[in-house]
Amino acid sequence: MTIVMGMHMGHDASVAIVRDGHLVAFAQRERLSRIKHAYGLDRATLNHVLDQAGICSAQEIDWVAVTSTQGSDIPFCHLSGVELNYTIKSPPPLGQRYPNWLNRSSEEILTLCSPSMFQRVLGHPRDLSTSNKFLHFFAEYRDLSLDALRRFPWLDRHGTHPLWERTKALVDWGELDIRSLMSDSVPASAFQYPVILTMDGHNIPGIRLDHHLGHAASSYYRSGLNNALVVTVDGYGGLRTPFAAGGVYWGAGNHLFPLMPHGLMHGDWFDAVGEHVGLDAIGASGKLMGLAPYGAPDYFDKRFVGNRADLKIHKLEGTVDTWLEHCRRQGHLSNDIGADSGHFGLPFDRYQVNVAASTQALFEACWLLAIQAGQVLLKNAGVQPSGLCLSGGAALNCPCNSRIAREGGLNPMFIEPNCDDSGQSIGAALWLARSGLEDYFGRGEPMSVQGVFTGPSKNLEIDELRSMLPPGVTLEALSLDTATQNAARDLEAGRIVGWFQGGSEMGPRALGHRSLLAAPFDRTMHYRVNALKNREQWRPLAPVVLAPKLEKFFDPPPAERLLPFMLATATVRDQRLTAITHVDGSSRVQAVTPDHGSLFHILKAFEALTGVPVLINTSMNGPGEPIVERPEEALQFFLRSGLEALYLDGVRIGRKEKNG
């Protein structure tokens, strides 16, 4: 038995345990610290995951795989008893697989590390123009001095290849011969470096893994595919290393082969455009996705599709400012700036919504071009992939995913539910177990819905719950079957219901264990749910539907494996579902099977009452908050929000009816 611990130390920090090649425990720090996108790990999160996995001592851990956000050193301010160091020695089988360029002393390797992000930010606290996100993610900075901060310098460098030394235009990839990259020597050596994790006095050998190889591994090893094209994109637009913004990979058996860095900027641009149109810097990309359908892609220009080298062909600079200048010019020519958007109550003018729509169209076109270019690379090498895997935070864009499923030319298509940086710990651990150590052989099993609910579960005793309730709040202990029936009746009566069950779901979207549910029929319900969450009223709400009834109510995309994880959009067919229908007639649909747990049975019961197996499903949290993790947080949300009914693992919390 081999145990690998994955540790992602950047924003959306997380820990994972992989035993004999299979994920057995996982947690995101934000769910425990209550700081959304929390940066850096703490001992509490580490211990939480070890408890989940039944690990009592650091001596039980055989290997460690570490990742971080690009260019970001790692804080150890809350990791008591834990140290991390680079080394030039590692036991077999990894010890014989490092490239010559890294055969140097551990002191010399520090000269290759990224400049300290902490010095840049904490050393200049008044200059927050580029660090406001970091300061939000790393709230501990308020109590720390730079001199006292224990930190581990981050190495973003990796091995190189003549094909990677200069960004190639995607339109020219048909001329490239990548067969020299398709052996186990490059992925096994170029994107890792040996480290030693000392935990409670015990030394654990391991690796630091390149950021985007972590993304690629997180998707590929959970896809169940044995031969796949893998493409990663996230919100980083820097040029620190060739693969800093993502790349194209080939998954074959246990191995992942980095083929080419794509050099795309559209993930970074998407965030920047969100801020440009006035969206909050934290979460701008997700909101821009919802704003885009209000506009028209009038400013889309195919000259901007591709990477910096593609744009250079058209004499364009590869910066977001160039794109925004183009949009502003088109907005002035069309008299859109300052003009009414045409949507009642929308706090954006026509220019802002058209910029959103045009950027969404550009985003989709860039993804598609990279996927097409990747297929050309493999075809020229004599390889026909049997599927497509996407990862990185940009893969959370549901309209784009649906378009790729329709036009990308590869099915099945898979994206893991925590394709954002929280999945890095899983990807790093799976890569080390399956490719680095080759401890696991054979085809991986497709990720199951049950595999999403790996978060810790903690119940409160009835007496403990009762002691926490103020006057006017009721408590009723029910069997789980009775609770699902009662919840359906609450929903049919027009109540908004909180549903809390078992372990929490991984990733940024509630999938039925930490959800707010409501009936989908009345448009006023859309306003009520958004108001309850203190959420912008123009933002859409997503539906859940019984998987066997999906096509009766929605025109589904062909990417069936995305539907259980709320990663694709579909056109709404039933005009009664006004609360979940966006302005363009679409909806970010989640198809529910029995594996989702009691949510499936609530939908069945709601269908028996109303004839419709569809509900609103949104996450149980307020603005700027992570999804609730523990029963206490769900109860606090109930008390402060005005939620009408909360079910905590079968216990119904309600409010006494007012007389008169």
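General observations
- Whichever residue in segment 547-585 is in a strand (DSSP E or B) and surrounded by fewer than 21 Cβ atoms within 10 Å (Cβ to Cβ) and, among such residues, is modelled with the lowest pLDDT: Asp555
- Some residue of segment 27-36 being assigned by TED's automatic domain parsing to the domain that holds Arg208, under 30 Å from Pro92 (Cβ atoms) and either at pLDDT 95 or above or touching a helix residue (DSSP H, G or I) at 6+ places or on another chain (Cβ under 7 Å) (or both): no
- Residue in segment 167-178 that is under 17 Å from Val66 (Cβ atoms) and either assigned by TED's automatic domain parsing to the domain that holds Thr87 or at pLDDT 85 or above (or both) present: no
- Taken together, the residues in segment 270-286 that are part of a helix (DSSP H, G or I) and either within 19 Å of the chain's Cα centre (by Cα) or surrounded by 21 or more Cβ atoms within 10 Å (Cβ to Cβ) (or both) amount to 9.
- Among all positions in segment 633-640, there is at least one residue which is of a type in the set (Lys, Arg) and not in a strand (DSSP E or B).
- Those helices (runs of 4 or more DSSP H) lying entirely in segment 288-397 with at least 2 residues of a type outside the set (S, T, N, Q), modelled with pLDDT of 95 or more and closer than 30 Å to Gln590 by Cβ: 350-380
- Flag if Ala25 is touching a residue at least 40 places away in the same chain (Cβ under 8 Å), hydrophobic (A, V, I, L, M, F, W, C) and more than 29 Å from Ser183 (Cβ to Cβ): yes
- Filtering segment 528-538 for residues that are outside any loop (DSSP other than H, G, I, E, B), under 23 Å from His601 (Cβ atoms), assigned by TED's automatic domain parsing to the domain that holds Val628 and at pLDDT 95 or above leaves a non-empty set.
- Single residue of segment 321-370 satisfying the filter (β-branched (Val, Ile, Thr) and surrounded by 22 or more Cβ atoms within 10 Å (Cβ to Cβ)) that is farthest from Gly408 (Cα to Cα): Val353
- Total residues in segment 50-78, condition touching a residue at least 60 places away in the same chain (Cβ under 8 Å) and not in a strand (DSSP E or B): 16
- Hits in segment 597-632 - residues which are part of a helix (DSSP H, G or I) and under 15 Å from Ala483 (Cβ atoms): Ser598, Leu599, Phe600, His601, Ile602, Leu603, Lys604, Ala605, Phe606, Pro631
- Within segment 287-299, if we keep just the residues that are buried (at least 20 other Cβ atoms within 10 Å of the Cβ) and more than 23 Å from the chain's Cα centre (by Cα), the residue that is farthest from Pro626 (Cα to Cα) turns out to be Tyr299.
- Residues in segment 471-507 that are on the phi < 0 side of the Ramachandran plot, part of a loop (DSSP other than H, G, I, E, B) and in contact with a helix residue (DSSP H, G or I) (Cβ under 7 Å, 6 or more places away or on another chain): Leu478, Ile496, Gln501, Ser504, Glu505, Met506.
Yes/no matrix, rows are residues, columns are (1) in contact with a Lys or Arg (Cβ under 7 Å, 6 or more places away or on another chain); (2) among the acidic types (Asp, Glu):
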position: Asp271; (1), (2): no, yes
position: Glu275; (1), (2): no, yes
position: Ala281; (1), (2): yes, no
position: Arg308; (1), (2): no, no
position: Leu324; (1), (2): no, no
position: Asp336; (1), (2): yes, yes
position: Phe344; (1), (2): no, no
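- Close pairs (8 angstrom Cβ cut-off, 6 or more residues apart or separate chains): at positive phi in segment 577-592, among the polar types (S, T, N, Q) anywhere: Gly585/Thr571
- Test: residue in segment 563-572 that is touching an Asp or Glu at 6+ places or on another chain (Cβ under 7 Å) and among the hydrophobic types (A, V, I, L, M, F, W, C): yes
- Of all residues in segment 460-480, those satisfying the criterion of being in contact with a Gly (Cβ under 9 Å, 6 or more places away or on another chain) and surrounded by 11 or more Cβ atoms within 10 Å (Cβ to Cβ) are Val473, Thr474, Leu475, Glu476, Ala477, Leu478, Leu480.
- Condition check for Met5: touching a residue at least 12 places away in the same chain (Cβ under 8 Å) and in a strand (DSSP E or B): yes
- Unmet criterion (only one of (1) under 23 Å from Leu225 (Cβ atoms); (2) at pLDDT 95 or above) for Gly409: (2)
- Residue match in segment 187-197 (condition: over 17 Å from Pro261 (Cβ atoms), not in a strand (DSSP E or B) and not small (Gly, Ala, Ser)): no
- Subset tally (residues that are surrounded by 14 or more Cβ atoms within 10 Å (Cβ to Cβ) and either over 30 Å from the mean Cα position of the chain (by Cα) or without any contact (Cβ under 8 Å) to a residue 24 or more places away in the chain (or both)) for segment 147-171: 0
The values are calculated or read from the model by the stated rules, or taken from the named source; none is laboratory data. Fair warning: this is a prediction, and the values are worked out from it, not measured in the lab. We place every Cβ from the backbone using ideal geometry, glycine too, and count neighbours over all the protein chains shown.
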